[in-house]
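Data block below; observations after.
The values are calculated or read from the model by the stated rules, or taken from the named source; none is laboratory data. Treat the numbers as computed from the prediction; the structure is a model and nothing was measured. Virtual Cβ from ideal backbone geometry, glycine too; neighbours counted across all protein chains shown. Just the protein is used for accessible areas: all its heavy atoms, side chains included, with ligands, DNA and RNA removed. Shrake-Rupley method; radii C 1.70, N 1.55, O 1.52, S 1.80 Å.
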Amino acid sequence: MSNAVPLVQYSSISKAFGDNVVLDGLDFAVDEGEFAVVFGQSASGKSVLLRILLGLDQPDQGTVALRGSDVAHEKPGDRKIGYVPQSFALFPDKSVRDNIGYTLIVQHDSKATIQEAVERVAGLLDISELLDRTPDQLSGGQKQRVAIARGLALATDLYVLDDPLVGLDFKLREKLVDDLRETREALGVTFLYATADATEALALASQVGVLAEGVIQEYGPPNEVYRRPDRFASMHTLCFPQSIRLPATLTDGEIVTPWGSVPAAMNTPDSKQAEVSALVRPERVALRSTPNGNAIEGEATVMLREDLGAEEIVYLEADGHRFTSLVRADSADLGQLTLGAKIQFTIPANAIVLFSDGARVGQGRS
Amino acid sequence: MADIRLEGLHKEFDDGDVVAVRDLNLTFKDGTTTCLLGPSGCGKTTLMRIVAGLEQPTGGRVYFGDKDVTDVKTRDRDLGMVFQYPVVYQGATVRENIALPLRGEDLTESEKNDRVEELIGLIGLEDVADKGVTGLDSGNRQKVAVARAVARHAPIILFDEPITNVDPDMKLQVKRTLRELFTRLNQTIIYVTHDQTEAMTLADEIALMNDGAIDQMAPPRGLYNDSASLFSGWFLGNPGMDFVPVADNSEIALALVGRPFSDNVATLGFRPEFVSVNGSDATSGVLATVKHAAITTGGQVLVNLQSGDLAVKAKLPWDTHVDVRPGITVKWSVASDRLHMFDADESAVAMPPSDS
């Protein structure tokens, strides 16, 4: 497997719009059969990355190889990529059937081919009974399914989906996330999918890449990237709620915070002093004072409780610093939390991860 | 003083082709913040517009306290309103904007000033009080609109998705402002939203709407913990409740409940966070194959399980040690006090007391 040629290979891609450098020497390879998700915050360059592959934008530098060969001189229509754009518009005067088959109609496929393709993807996305309607007779979620089906109608091995669920209410997203994953499995093809939603990225991806500062910061199975992030951007943003930044310095091998110090375990043992950023996941911030081993402990004021049903996000402020804790709703810790109340919090040492220049350099030692 | 009572309220559009509100009876209690929550198209905005007098009902009556206001014009209903897009006077400062609704009120100048200053403090607009509203970010602009709506101390304040169009990084601050405001105000507040987290966070009571009717009305935790219907169980939660149709899964249903139960129970329901997953060597539980597992909110692990034709989702704690790689066989179970029962009409039926 390791010597197989990647289906998509970006090499040293740079792209700027005026002074705004969007992609900065980016390397990225997607293997066949993956559900590859590019995760990045808004304006991180996700759409540009996808559009360069599709041939809709040209890189300033670098090359894109598709199925093993450079596509610099291949027109968008010749690249054989199914595409679901971020903002889709359905043709209001055409039936759902013709909307889904549009790409095939334009390239003059036979009627039988078009009909078969349309019915196949409509079946996958559970919209077979809508084929003879027009878009104004559809709900928002049904329209989104039609747009996805249109992107999938082209029979090929690679599909590019640019944040197709953005703006949908979340009961609908819940359903479509499962549908998209199962659709890709059923087709046995490769998806390259962009999103700014961490939960969506983690739910869909077989491999997730974190795009920040113009490069893919790291790329791997979502489980591994989540549990052991190597890059600041991954740990900070590829999670919901976002990781909290702890005000901390590394001094004589100790992580020093306003709420006490814990020993650091550094990747390079002699680095006892460095400019570091410290991150902690909200689920590691316990709302009680029961340290087990090394930990920092302090007092915080409850600013707001956001109730997600199964969990609560508790927003805290301590000595002018704001941070969050994520607690399961059945936890006994939530009992006493009135707004404005002062509570004890504990962060175990091994929950504190240190980064320097964007790279993981160590963590607290428990 | 100002209960809002709806009696047999009905609203149709397009000569009855679309029924937005169905013969609805409902009381919004005095001094309470009630969120009207439901999916798009459920009728919640139409219902609020009828309360505001912006829409006439096809049938039924609207009472404020004892007064029938069904035929009273909006401007004579004595209410404040906050919309998706903030209504502010562009040429004026924040302070002037908040003072404007007080112009015709029977208050002395110093009383008016006190009221404006109190609101500026309460809503957190101190830093921008003398700035023009035009330069404000979307969060502060909506805060000004909120201050204007509550300035006159009208007994009823209506909010229509006030956070939906606020910039993402300002949403939390506006939410916090509203939360504090709602605990201090003793007005009757109706707040329309499609966002369950917003409703769960801000409401005293949630009126869950579906297809023009109130599906369930309860305080937030009550709504989440004691679903009155399949719809309520499905709509609340991310993901919503797992369901086991009893007729197609009689053995699994019996294993879950642990003893025979009434045959008017058509469906069992339970929340994914209360599904325990153990290895296949566990002494009890329902056998399943792991189809998929993914990290979700707060590092929890959302597992898609398949037991025959039945699909079940389990949400495991972030520090779980259970092996849930796809393809692995596991056993899952649900504590009996976390089970819900629903009849063929999709309504909750009480769980019979346990024998043990």
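Our coupling estimate for region A:222-233, obtained by passing each phi through the Karplus curve with A = 6.51, B = -1.76, C = 1.60 and θ = phi - 60°, is x, 4, 6, 5, 5, 6, 9, x, 8, 10, 3, 4 Hz, Gly and Pro reported as x.
Atom-type composition of the exposed protein surface of region A:123-182 places 47 percent of the accessible area on carbon and sulfur (1.4 angstrom probe). With the simple model of a label 7 Å out from the Cα in the direction of the Cβ, B:L254 to A:R245 spans 6.0 nm. What chain A shows is 44 Å² of accessible area per residue, with the surface traced by a 1.4 Å probe over protein heavy atoms.
Hey, could you grab the Kirkwood Rh for region A:66-133? Inverse mean 1/r over distinct alpha carbon pairs, Å, one decimal.
Details: mean 1/r = 0.0729 Å⁻¹.
By the Kirkwood definition, the hydrodynamic radius is 13.7 Å.
Working note: Karplus 6.51/-1.76/1.60 with θ = phi - 60° gives region A:36-47 the couplings 8, 10, 9, 9, x, 6, 4, 6, 7, x, 4, 5 Hz, where Gly and Pro are set to x.
In angstrom, the C-alpha Rg and Dmax of region A:1-130 are 17.3, 50.
With protein chains left intact and a 1.4 Å probe, residues in region B:1-112 average 52 Å² of accessible area per residue.
Counting only protein heavy atoms, what percent of the accessible surface of region B:50-173 is carbon or sulfur at a 1.4 Å probe?
Details: 2830 of 6030 Å².
Taking all protein chains in place, region B:50-173 shows 47 percent carbon and sulfur surface.
Accessible area ranking (1.4 Å probe, heavy atoms, ligands and nucleic acids excluded), largest first, for A:S234, A:S11, A:S289: A:S289, A:S11, A:S234. Per-residue surface analysis assigns B:Y85 an accessible area of about 150 Å², computed on protein heavy atoms at 1.4 Å probe radius. Taking only the Cα atoms of region A:87-197, the radius of gyration and Dmax are 13.3, 39 Å.
Cα convex hull of region B:4-227: mean projected area in nm², to one decimal? Walk me through the numbers before you get to the answer.
Values: hull surface 50.7 nm².
Computed as one quarter of the Cα hull surface, the answer is 12.7 nm².
Hydrodynamic analysis of region A:186-260 uses the Kirkwood radius over alpha carbon pairs. Inserted into Stokes-Einstein at 10 °C and 1.306 mPa s, it gives a translational diffusion coefficient of 112 µm²/s.
Please give the total accessible area that chains B and A bury against each other, computed with a 1.4 Å probe and expressed in Å² to the nearest 100. Please list the in-between numbers first.
On the way: alone 17280 and 17600 Å², together 31710 Å².
Counting protein atoms only, the buried area is about 3200 Å².
Note on surface exposure: B:H340, A:H108 rank A:H108, B:H340 by accessible area, highest first, 1.4 Å probe. Here region B:255-356 is treated as a sphere whose radius is the Kirkwood value from Cα pairs; by Stokes-Einstein at 25 °C and 0.890 mPa s it diffuses with a coefficient of 169 µm²/s. Using θ = phi - 60° in the Karplus curve 6.51 cos²θ - 1.76 cosθ + 1.60, the 3J(HN,Hα) couplings for region B:12-26 round to 10, 10, 6, 6, x, 5, 10, 9, 8, 9, 10, 5, 9, 10, 7 Hz; x is entered for Gly and Pro. Compared with its chain on its own, region A:263-286 contains the following residues whose accessible area drops by 40 Å² or more in the full protein assembly (probe 1.4 Å; ligands, DNA and RNA excluded): A:E283. Averaging the sequence gap over all C-alpha pairs within less than 8 Å and six or more residues apart, then dividing by the number of residues, gives chain A a relative contact order of 15 percent. Taking the Cα atoms only, what angle lies between the long axis of helix A:170-187 and the longest principal axis of chain A, rounded to 10 degrees? It works out to around 60 degrees.
The accessible area of B:R176, taken with all protein chains in place and a 1.4 Å probe, comes to roughly 60 Å².
Straight-line reach from A:K80: taking Cα to Cα under 29 Å and skipping same-chain neighbours fewer than 8 places apart, the lysines in range are A:K15, A:K46, A:K94, A:K111, A:K143, A:K175.
The convex hull defined by the C-alpha atoms of the protein assembly as shown has an orientation-averaged projected area of 37.4 nm². Sorted largest first, the principal axis extents computed over the alpha-carbon atoms of chain A equal 72, 45, 41 Å.
Out of all DSSP beta bridges in region B:4-227, what portion is antiparallel? Express it as a percent rounded to 5. Walk me through the numbers before you get to the answer.
Values: 20 of 38 bridges.
Antiparallel bridges make up about 55 percent of those DSSP assigns within region B:4-227.
Please state, rounded to one decimal and in Å, the Kirkwood hydrodynamic radius that region A:215-366 gives when every pair of distinct Cα atoms enters the mean of 1/r. Write down the numbers at each step before the final one.
On the way: mean 1/r = 0.0628 Å⁻¹.
The Cα-based Kirkwood calculation yields 15.9 Å.
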